[in-house]
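**Student:** I'd like to ask some things about the structure below.
Just so it is clear, none of the values below were taken in a lab; they were calculated from the coordinates. What you see is a predicted model, and the numbers here were worked out from it, not measured in a lab. All Cβ positions, glycine included, derive from the backbone under ideal geometry; neighbour counts span all protein chains shown.
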Amino acid sequence: MLHLKPNRILAEERRRRIIDLVNQHGTVLVPGLARQFATSEVTIRQDLEALHNQGYVHRTHGGALPVRSAALLDRALSEKEKLHRREKQRIAAAAARFVKERQSVVLDSGSTTTAVARALRNFHELTIITNAVNIAAELAGTSIQVILTGGTLRENSFSLIGPLAEGALERLSADLLFLGVDGFDVNFGLTTPNLLEASVNRVMMKIARRRVVVCDSSKFASRSLSLIAAATEIHHVITDRNISELDLSALKEAGINVTLV
């Protein structure tokens, strides 16, 4: 019969209770937890770091927060465009500075990538590859060449998904990908609510030489239903300055370049 050491049992029970406290109260602080469990702040920090790495809590400076779940938040594009509008405009302006004439650029569907499309309208010799019907419409009448994948239309996001979309993308090559995400957990990866959308996004990453995530800071410490890829598979992140120090440090430790706007 296997016998666990008493301190191992105590540590596991303490961490289970910490998870309950985080989910119940919304936030916990290291000093308060240390008093409650009659242990050192060093031990509590180790607990929180372990729970953060396992995806149970989101570590913050001085404490922890619940991991936000976006699994059921498959919002309509019109609703997304109302959120964090100024941040998205600044992110889009920064993204446009990454682009050079004569390049081919992939834009996935979403409110932030739609803002990027608007920021690229004044380019003259650019090719945009997208699965987003609204982005194709946004660039109609400009000098930009637009390649729109086929596929099955997702009405709430105006995106094209499925085998036709993936097949079209697999026959192309791109210099740059701007990818919007619904959740960005540095340890878990990039996520989106729709399984077929995630599959299309993975093909986009495969065909692009350089991969850049464009998302506002609210997407960090959040997970959605379907994993797109590990964070280490991207090269760069463009986000706003409200990102937490913990997430910023984690991105840099993972070797990901970060632009703050």
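**Student:** Over the chain, what per residue volume does the convex hull of the Cα atoms give, in whole Å³? The partial results should precede the final answer.
**Tutor:** Numbers: hull volume 37.9 nm³, N = 261.
Per-residue hull volume (Cα only) is 145 Å³.
**Student:** Considering only Phe188, Gly151, Leu33, whose Cα is most displaced toward the positive end of the charge dipole of the chain, charges sitting on Cβ of Lys, Arg (+1) and Asp, Glu (-1)?
**Tutor:** Among Phe188, Gly151, Leu33, the one farthest towards the positive end of the dipole of the chain is Leu33.
**Student:** Additional query: Just how large is the dipole of segment 6-66 about the Cα centre, in debye to the nearest 20, putting +1 at every Lys and Arg Cβ and -1 at every Asp and Glu Cβ? Write down the numbers at each step before the final one.
**Tutor:** Numbers: 8 positive and 6 negative charges, 9 e Å.
Computed charge dipole of segment 6-66: roughly 40 debye.
**Student:** Relative contact order for the chain using alpha-carbon pairs under 8 Å, separation at least 6, rounded to a whole percent?
**Tutor:** Relative CO of the chain lands at 16 percent.
**Student:** Follow-up question, since we're still on this one. For segment 32-154, what does the relative contact order come out to in percent, with C-alpha contacts under 8 Å and a separation of six or more?
**Tutor:** Reported as a whole number, the value is 15 percent.
**Student:** I would also like to ask the following. Modelled label-to-label distance, Arg202 and Asn53, 7 Å Cα→beta-carbon offset: nm?
**Tutor:** It works out to 2.7 nm between the two label points.
**Student:** Given the DSSP H assignment, sum -39500 (n - 2.57) over each helix run of at least 4 residues in the chain and divide by its residue total; what's the result at 222 nm in deg cm²/dmol, nearest 500?
**Tutor:** Working: 10 runs with 102 residues, N = 261.
The helix contribution divided over the chain gives -11500 deg cm²/dmol.
**Student:** Just the number, please: percent antiparallel of the DSSP beta bridges in the chain, rounded to the nearest 5.
**Tutor:** Numbers: 16 of 42 bridges.
Around 40 percent of the beta bridges assigned by DSSP in the chain are antiparallel ones.
**Student:** I would also like to ask the following. What is the fewest-to-most order of Ile256, Ile91, Ile243, Ile44 by other Cβ atoms lying within 10 Å of their Cβ?
**Tutor:** Ile256, Ile243, Ile44, Ile91
**Student:** Which of Thr60, Thr142, Thr114 moves most in a GNM of the chain, Cα contacts under 10 Å?
**Tutor:** Thr142
**Student:** Tell me whether segment 88-155 comes out rounded, prolate or oblate; compute the Cα gyration tensor, take square roots of the eigenvalues as a ≥ b ≥ c, and use a/c under 1.5 as the rounded threshold. Mind dumping the intermediate values first?
**Tutor:** Details: a/c = 1.90, a/b = 1.26, b/c = 1.50.
Oblate is the answer for segment 88-155, as a/c is 1.5 or above yet b/c matches or exceeds a/b.
**Student:** Where a ≥ b ≥ c are the square roots of the eigenvalues of the C-alpha gyration tensor, would you call segment 177-222 rounded, which needs a/c under 1.5, or, failing that, prolate if a/b is larger than b/c, or oblate?
**Tutor:** Oblate, since a/c reaches 1.5 and b/c is not below a/b.
**Student:** If you don't mind, another one. Return, ordered by residue number, the residues of segment 33-64 whose backbone nitrogen is under 18 Å from a label point located 7 Å along Cα→Cβ of Ala230.
**Tutor:** 53-55
**Student:** Using the Cα gyration tensor of segment 33-137, with a ≥ b ≥ c the square roots of its eigenvalues, what is the shape: rounded (a/c below 1.5), prolate (a/b larger than b/c) or oblate (neither)?
**Tutor:** Values: a/c = 3.54, a/b = 2.65, b/c = 1.34.
Because a/c hits 1.5 or more and a/b exceeds b/c, segment 33-137 counts as prolate.
**Student:** Could you tell me the distance between the Cα centroids of segment 229-261 and segment 119-144, to the nearest Å?
**Tutor:** A separation of 27 Å, based on Cα centres.
**Student:** Specify the residue with the greatest mean-square fluctuation among Arg223, Arg16, Arg45, computed from a Gaussian network of the chain linking alpha-carbon atoms under 10 Å apart.
**Tutor:** Arg16
**Student:** Which trypsin sites (Lys or Arg not before Pro) from segment 151-211 combine a DSSP loop assignment with at most 13 other Cβ atoms within 10 Å?
**Tutor:** Values: sites: Arg154, Arg171, Arg202, Lys206, Arg209, Arg210, Arg211; in loops: Arg171.
Within segment 151-211, the qualifying trypsin sites (Lys or Arg not before Pro) (loop, at most 13 other Cβ atoms within 10 Å) are Arg171.
**Student:** Based on DSSP loop calls and a cut-off of at most 13 other Cβ atoms within 10 Å, the longest stretch of the chain free of exposed GluC sites (Glu not before Pro) is what?
**Tutor:** By the stated rule (loop sites, at most 13 other Cβ atoms within 10 Å), 156-261.
**Student:** Multiply the residue separation of His61 and Asn242 by 0.36 nm, subtract the distance between their alpha-carbon atoms, and state the gained length in nm to one decimal.
**Tutor:** Working: separation 181, 0.36 × 181 = 65.16 nm, distance 1.39 nm.
Extra length from His61 to Asn242 when fully extended: 63.8 nm.
**Student:** Under unit Cβ charges (Lys, Arg +1; Asp, Glu -1), what dipole magnitude, rounded to 20 debye, does the chain have relative to its Cα centre? Please report the intermediate quantities before stating the final value.
**Tutor:** Numbers: 33 positive and 27 negative charges, 74 e Å.
Taking the Cα centre of the chain as origin, the dipole is about 360 debye.
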